[in-house]
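To start, the structure under review is shown below, and the notes come after it.
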Amino acid sequence: MAVIRIRNTSEVIEGQDRVGAFLQNKGVLYEHWDVDKLPTSLKGNCHVTEEQKNEILSVFDDDIRSLAKRNGYGSWDVVALSEQTPDLDKILKKFEQVHVHTEDEVRAITAGHGIFIIKGSVGYFDVELDPGDVISVPVDTPHFFTLMDDRQVVAVRLFIDPSGWVAHPYEEKESVK
């Protein structure tokens, strides 16, 4: 279940309802998908093949299509990152730059963990995501994504533009660390 840590105040927000209410107030979509419907071979598995990525998309097809219909997403894929990913540190460095997009950035975590660091009216806050957590960071919202200590994640991503998101640098006026 997602946990929010507000950096300026060190406040921690836990529990699906409290997390959902906080994020909704910030314009960030949050929902939870049932990862128990994944076959045993995919539960907690962050080293997935292309065939297994397709299986993940099949398992969550109804959830994906529901979210896509509600928000205008036209394509989706699965991304998997782990210590076995070539150039993982280089990839993470690219993710760790505060940026904005011209469309929502959507991730549904199916295995592993990730953190979205988002700028809101309270300053920066971390949204720590676990399997089943789904988040959509709105257009033009300064943010970045990184991995947690286990350094692995599998996530469904949804897009409006089939070519994917384009990151536009955000000029920072305050520290994110």
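Structure values in brief
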| quantity | calculated |
| --- | --- |
| ASP89 being in a loop (DSSP other than H, G, I, E, B) and either more than 21 Å from HIS32 (Cα to Cα) or open to solvent by 40 Å² or more (accessible area, probe 1.4 Å) (or both) | no |
| From the options GLN52, GLN97, residue that is among the polar types (S, T, N, Q) and in contact (Cβ under 8 Å) with a residue 12 or more places away in the chain | GLN97 |
| Count of region 126-145 residues which are modelled with pLDDT of 90 or more and open to solvent by 20 Å² or more (accessible area, probe 1.4 Å) | 6 |
| Cross-chain or 6+ apart pairs with Cβ under 7 Å, region 148-169 first and of a type in the set (A, V, I, L, M, F, W, C) and in a loop (DSSP other than H, G, I, E, B), then loosely packed, with under 13 Cβ neighbours inside 10 Å and modelled with pLDDT under 90 | VAL166/THR102 |
| Considering residues of region 41-61 that are part of a helix (DSSP H, G or I) and either touching a Leu at 6+ places or on another chain (Cβ under 8 Å) or of a type in the set (Phe, Trp, Tyr) (or both) only, the residue surrounded by the most Cβ atoms within 10 Å (Cβ to Cβ) | ILE56 |
| Residue match in region 22-30 (condition: of a type in the set (A, V, I, L, M) and either open to solvent by 30 Å² or more (accessible area, probe 1.4 Å) or assigned to a helix (DSSP H, G or I) (or both)) | yes |
| Members of region 92-110 that are modelled with pLDDT under 85, assigned to a loop (DSSP other than H, G, I, E, B) and more than 19 Å from MET148 (Cβ to Cβ) | HIS101, THR102 |
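The values are calculated or read from the model by the stated rules, or taken from the named source; none is laboratory data. A quick note: this is a predicted structure, and the numbers were derived from the prediction, not measured. Using ideal geometry, Cβ is built from the backbone for each residue, glycine included, and neighbour counts are taken over all protein chains shown. Accessible surface is based on the protein model in full, side chains and every heavy atom, while ligands, DNA and RNA are left aside. Shrake-Rupley method; radii C 1.70, N 1.55, O 1.52, S 1.80 Å.
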